[in-house]
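> One structure coming up, written as structure tokens, with questions to follow.
The values are calculated or read from the model by the stated rules, or taken from the named source; none is laboratory data. As the structure is a prediction and not an experimental result, all values here were calculated from the model. Counting neighbours? That spans all protein chains shown, and the Cβs are built from the backbone with ideal geometry, glycine included.
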């Protein structure tokens, strides 16, 4: 799974990326600092099942701290966008090419309104974050429309003559965007365009179809960055009233808390609604002042917003569930004795056989049955999994 970090230039995308991944990439106050995509690992946070089962877990591919499981997800921070990107303006083609594989998007905006449409600094409040949201969506829609429209009449006519299904033809067009055919099919149905011959689709209809498909296939949450600045509140309220999924965000505050925690100065977990200075840690006046500002911000918003944005992308936009595969349903361990060694993020509605496939293709191919570690009952291949399930897979392949 890939989460893309998008937005116009100079809104704090790289700072958000740094805060989410703890990697150091260039972050400066000028447009196009990010040219090549930065790829890192962020973490979705869920309540671990270790305390429910009363076990001390030993994760191999994730992290458990204080009963909270942090599950790695791929994060890609791509080049900033400017109006006209779909036509190649700025780094537009580069941006859209880098963002196409994302399953969900975190759209970082400058909630303080201190950058113009090109990403240049302006007095706080002079910029309009709502415009930023709208133009980025529009550029994506126009880019997708251009993919569909290219030689559309000729391709549609050939498809009709050959009796090719519309969904298959569109799936070929969008093959590079990681869009499943079932989403294309659902969009064709909901748009009503399935009732028309493809050769009769108008430009406006293609544009409307691409908008609907983009909303389904590339859902996004707005990270209202620089929320700690005075001019941000009114803009955030405006975005919420427009029905956008918005998270108040202060990426620099998150980065500061993580660094202080790493140095052993604080007890803080990403996504916490508070932090504590560790005993016997002496802070200087500047550190105290900085932490007081961050504390006030967290009390106002509930968190710095960075972890919340990642979690919304995973669990509200993509509707993922966390499932723990084990090889011993009694000890909840793998062959090496690691307790609750792994956790997989799967789409809601995934089955026991789907889980087997994420572990190894051969396990799914030879699937016999699974065992629910809570009930110790056998479950079949089509059994739908729930968040927090602990599952043993029994396969002909695993029996050697």
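> Give the number of residues within segment 210-232 that are closer than 30 Å to residue 121 by Cβ and part of a loop (DSSP other than H, G, I, E, B).
Going through segment 210-232 one residue at a time, the tally reaches 7.
> If you don't mind, there's one more thing I want to ask. Tell me the residue from 389, 328, 362 that is touching a residue at least 40 places away in the same chain (Cβ under 8 Å) and over 28 Å from the mean Cα position of the chain (by Cα), please.
The match here is 328.
> Here's another thing I want to ask about it. Please verify whether segment 304-315 includes one or more residues that are modelled with pLDDT of 95 or more, surrounded by 20 or more Cβ atoms within 10 Å (Cβ to Cβ) and in a loop (DSSP other than H, G, I, E, B).
Yes, there is a match, as at least one residue in segment 304-315 is modelled with pLDDT of 95 or more, surrounded by 20 or more Cβ atoms within 10 Å (Cβ to Cβ) and in a loop (DSSP other than H, G, I, E, B).
> Let me ask you something else. Looking at residue 158, is it on the phi < 0 side of the Ramachandran plot and either surrounded by fewer than 17 Cβ atoms within 10 Å (Cβ to Cβ) or at pLDDT 90 or above (or both)?
Yes; evaluated as a whole, the condition is true for this residue.
> In addition: Quick check on segment 180-209: of everything there that is over 16 Å from residue 169 (Cβ atoms) and not in a helix (DSSP H, G or I), which residue is farthest from the chain's Cα centre (by Cα)?
So the residue we want is 202.
> Please state which of the following conditions residue 271 fails to meet, knowing it meets all the rest: (1) more than 19 Å from the chain's Cα centre (by Cα); (2) in the same structural domain as residue 249 (by TED's automatic domain parsing); (3) surrounded by 13 or more Cβ atoms within 10 Å (Cβ to Cβ).
(1)
> Follow-up. If you go through segment 317-325 one residue at a time, do you hit one that is in a helix (DSSP H, G or I) and either within 24 Å of residue 44 (Cα to Cα) or modelled with pLDDT of 95 or more (or both)?
yes
> What residue, of 175, 191, is surrounded by 12 or more Cβ atoms within 10 Å (Cβ to Cβ), outside the structural domain of residue 99 (by TED's automatic domain parsing), at negative phi and without any contact (Cβ under 8 Å) to a residue 60 or more places away in the chain? Explain how you work it out, then say what you get.
Numbers: 175 fails: surrounded by 12 or more Cβ atoms within 10 Å (Cβ to Cβ).
The match here is 191.
Yes/no per residue for (1) modelled with pLDDT of 85 or more; (2) surrounded by fewer than 20 Cβ atoms within 10 Å (Cβ to Cβ); (3) more than 17 Å from the chain's Cα centre (by Cα); (4) not in a loop (DSSP other than H, G, I, E, B):
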site	(1), (2), (3), (4)
17	yes, no, no, yes
24	no, yes, yes, no
29	no, yes, yes, no
34	no, no, yes, no
55	yes, yes, yes, no
58	yes, yes, yes, no
61	yes, yes, yes, no
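> Being modelled with pLDDT under 85, touching a strand residue (DSSP E or B) at 6+ places or on another chain (Cβ under 6 Å) and surrounded by 15 or more Cβ atoms within 10 Å (Cβ to Cβ) is true for just one of 75, 96, 81, 91. Which residue is that?
It is 81.
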